[in-house]
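S.K.: A single structure is presented below for examination.
The values are calculated or read from the model by the stated rules, or taken from the named source; none is laboratory data. Computed from a predicted structure; not experimentally measured. Glycine gets a Cβ as well: all are built from the backbone with ideal geometry, and neighbour counts include every protein chain shown.
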């Protein structure tokens, strides 16, 4: 087997498979490595808004994703305490709908799409254990298969696309530039028979010190996520001892006055409840000599803002563009790293900062309640508010609209 490639990508899920596709289209030979064996599920909100569907369509993979019978949606209903914002996401390049597709379908289809390009090789069930260096430059990786067989691979660039707890990131000692720990524990379940009023839609709740998110997803199911404060000993004990019962109990007590308890009560849990006890919203240095990071390995954000999947696609496209501009990589690592950092901050930083705000257990102020009510009462402001999430609108544009409405009162 060939052991030398242009790029090695560690991690073959959304970020890694998308990057492999983009790199192959640009003419490079790519090795995809992943410790999992596919098809494989993983804990994730797995949601694409319309801005992401544009990129998936441009990649030529959207039709295959839609063949999984995962429903499209365009509406969101958001409840902030007693204020309800109900509207539709604005159009982005002809797309208005979102898609919340299960990872066991998504990752496999993206891998297959990448492998259909010339020059992409996938080895799954392979765990990277170290990097190879020539001086200060990373030139490859070492690792082992599940059977224990060791191997080494060499490349001009090694990319970490291996998620929130990236092993590659640790091996190259990428420094953390920003870090905001969450105040919440998160639990996720899948339910059959979950029924909504009207057309299918996303639900987001922030009521008191608890949050909830609901998405229509693949296999005729809805994915329900519940977040409560890490220091809440009662709910921590309930979820650790009886998670199935705890999901229903916290919906009844923590989200009373919303549709969530009644809908969840009538639904049937279809899979084991999974949880995550705290995480950091973090941003790492994205590139160094012979290495780079994409997806959650570069920056993990609170799932409640739903930006992880779009950022994985943006990162893959952005990194490929930079590599294409600087053909002599060995002479340009510092310039490439600075360029990558600048472009990723321009694209992602505003939503990263939103996530850092959501991730703290801070009640709405009276001023924020007033703004929420203003958004709920105005179709224009509602479209702009939802447009911040699918990047049709920048946060400062929403602020300008709201300031105009306030000054006109």
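Listed here are the residues, each with its yes/no results for (1) at pLDDT 95 or above; (2) over 15 Å from residue 398 (Cα atoms); (3) touching a strand residue (DSSP E or B) at 6+ places or on another chain (Cβ under 6 Å); (4) loosely packed, with under 13 Cβ neighbours inside 10 Å.
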| site | (1), (2), (3), (4) |
| --- | --- |
| 337 | yes, yes, yes, no |
| 340 | yes, yes, yes, no |
| 344 | yes, yes, no, no |
| 350 | no, no, no, no |
| 354 | no, no, no, no |
| 358 | no, yes, no, no |
| 361 | no, yes, yes, no |
| 372 | yes, no, yes, no |
| 376 | yes, no, yes, no |
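S.K.: Is there any pair with a first residue in segment 103-131 that is in contact (Cβ under 8 Å) with a residue 60 or more places away in the chain and a second that is in a strand (DSSP E or B) and surrounded by fewer than 18 Cβ atoms within 10 Å (Cβ to Cβ) whose Cβ atoms are under 6 Å apart and which are 6 or more apart or on different chains, and what are they?
M.R.: Within 6 Å, the pairs are 125/145; 126/145; 127/144.
S.K.: Please work out if residue 322 is touching a helix residue (DSSP H, G or I) at 6+ places or on another chain (Cβ under 8 Å) and farther than 22 Å from residue 182 by Cβ.
M.R.: yes
S.K.: Looking at 140, 60, 94, 98, which one is out of contact with any helix residue (DSSP H, G or I) (no Cβ under 9 Å at 6 or more places or on another chain) and touching a residue at least 40 places away in the same chain (Cβ under 8 Å)? So that I can check it myself, show each step before the final result.
M.R.: Working: 60 fails: out of contact with any helix residue (DSSP H, G or I) (no Cβ under 9 Å at 6 or more places or on another chain); 94 fails: out of contact with any helix residue (DSSP H, G or I) (no Cβ under 9 Å at 6 or more places or on another chain); 98 fails: out of contact with any helix residue (DSSP H, G or I) (no Cβ under 9 Å at 6 or more places or on another chain).
From the options 140, 60, 94, 98, the qualifying one is 140.
S.K.: On the given criteria, is residue 70 buried (at least 19 other Cβ atoms within 10 Å of the Cβ) and under 20 Å from the mean Cα position of the chain (by Cα)?
M.R.: yes
S.K.: Condition test on residue 288, is it surrounded by 15 or more Cβ atoms within 10 Å (Cβ to Cβ), at pLDDT 95 or above and touching a helix residue (DSSP H, G or I) at 6+ places or on another chain (Cβ under 7 Å)?
M.R.: So residue 288 fits the description; yes.
S.K.: Separate question: Wholly within segment 77-185, which strands (runs of 3 or more DSSP E) include no fewer than the required count, namely at least 1 residues that are within 30 Å of residue 223 (Cβ to Cβ)?
M.R.: So the answer is 83-88, 98-100, 120-124, 126-134, 150-160, 176-181.
S.K.: Could you go through segment 265-272 and let me know if any residue there is part of a helix (DSSP H, G or I), modelled with pLDDT of 95 or more and within 29 Å of residue 237 (Cα to Cα).
M.R.: Checked against the condition, which is being part of a helix (DSSP H, G or I), modelled with pLDDT of 95 or more and within 29 Å of residue 237 (Cα to Cα), segment 265-272 yields at least one hit.
S.K.: Here's another thing I want to ask about it. Go through (1) on the phi < 0 side of the Ramachandran plot; (2) out of contact with any strand residue (DSSP E or B) (no Cβ under 6 Å at 6 or more places or on another chain) and name the single condition residue 208 misses.
M.R.: Just one mismatch for residue 208, condition (1).
S.K.: So in segment 8-47, with the set limited to residues that are in the same structural domain as residue 162 (by TED's automatic domain parsing) and in a strand (DSSP E or B), which one is farthest from residue 109 (Cα to Cα)?
M.R.: 8
This table checks each residue for (1) under 26 Å from the mean Cα position of the chain (by Cα); (2) surrounded by 18 or more Cβ atoms within 10 Å (Cβ to Cβ); (3) touching a residue at least 12 places away in the same chain (Cβ under 8 Å); (4) under 16 Å from residue 184 (Cα atoms).
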| residue | (1), (2), (3), (4) |
| --- | --- |
| 219 | yes, no, yes, no |
| 229 | yes, no, yes, yes |
| 239 | yes, yes, yes, yes |
| 252 | no, no, yes, no |
